[in-house]
Amino acid sequence: MAKAKPVNELKCTFPSWSANEALARSVAASFAAQMNPTCEEVSDIKCAVSEAVTNAIVHGYRDTVGEIQLILKLYADRTFSAEVRDRGVGIRDVEEAMRPLFTTDPEHERSGMGFTIIENFTDSLRVVSSPGKGTRVIMKKKLSMLPISK
Ligand SMILES: Nc1ncnc2c1ncn2[C@@H]1O[C@H](COP(=O)(O)OP(=O)(O)OP(=O)(O)O)[C@@H](O)[C@H]1O
Ligand SMILES: [Mg+2]
């Protein structure tokens, strides 16, 4: 599934205003709709994209505003892929950040479950980050096969 050419692709960029989290999840759901996903799959995609975009907004750019890029791809084997990129503060230790309940922001009642939620709602999650340079979160989900129509 990794090296194949996508059958469709959408790239969009938006500022890290909190209002754009809802926008990003709707864009991802609308894009995936062409593959006739189940309601559960749409809900999983919305939730995963929302967690990654929220992280870019609240952690990546903290009290500043920067650019977030959302790259959506669909492959012939019905793999949906979403990448969320920011050029914010980055993550020092990605393995530690991905641990359930790890958060650097407990004072804002964050539970440290965002990456765990993404892992549960997708088939693969890859986080690439450099302190001072930014973060890329790549999520993939294989959509179920279409039911046979009569
Ligand atoms: N885009 C990002 N830029 C910088 N740091 C990040 C980014 N995404 C995640 N992190 C770091 O990884 C930690 C874990 O992220 P995760 O989403 O799992 O939990 P959280 O955001 O702290 O809490 P929750 O998602 O439950 O509200 C964050 O606390 C933060 O330190
Ligand atoms: Mg989070």
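Annotations
- Among the residues of the range 62-89, those that are assigned to a loop (DSSP other than H, G, I, E, B), open to solvent by less than 20 Å² (accessible area, probe 1.4 Å) and within 13 Å of ligand 1 (Cβ to nearest atom) comprise Gly66, Gly88.
- Residue within the range 135-150 that is more than 11 Å from ligand 1 (Cβ to nearest atom), open to solvent by 80 Å² or more (accessible area, probe 1.4 Å) and among the small types (Gly, Ala, Ser) present: yes
- Flag for Asp105 being open to solvent by 40 Å² or more (accessible area, probe 1.4 Å), of a type in the set (D, E, K, R) and farther than 19 Å from Lys11 by Cα: no
- One residue alone among Val42, Val49 is out of contact with any strand residue (DSSP E or B) (no Cβ under 9 Å at 6 or more places or on another chain) and surrounded by 16 or more Cβ atoms within 10 Å (Cβ to Cβ), and that residue is Val42.
- Lys11 fulfils the conditions (1) in a strand (DSSP E or B); (2) open to solvent by less than 30 Å² (accessible area, probe 1.4 Å); (3) under 20 Å from Leu125 (Cα atoms); (4) more than 16 Å from ligand 2 (Cβ to nearest atom) except for a single criterion, (2).
- In the range 109-134, the residues that are farther than 17 Å from Arg99 by Cβ, of a type outside the set (D, E, K, R), open to solvent by 30 Å² or more (accessible area, probe 1.4 Å) and within 16 Å of ligand 2 (Cβ to nearest atom): Phe121
The values are calculated or read from the model by the stated rules, or taken from the named source; none is laboratory data. All values reported here derive from a predicted model rather than from experimental measurement. A quick note on method: Cβ atoms are made from the backbone with ideal geometry, for glycine too, and the neighbour counts reach across all protein chains shown. Please note that ligands, DNA and RNA were not included when accessible areas were found on the heavy atoms of the full protein model with its side chains. Shrake-Rupley method; radii C 1.70, N 1.55, O 1.52, S 1.80 Å.
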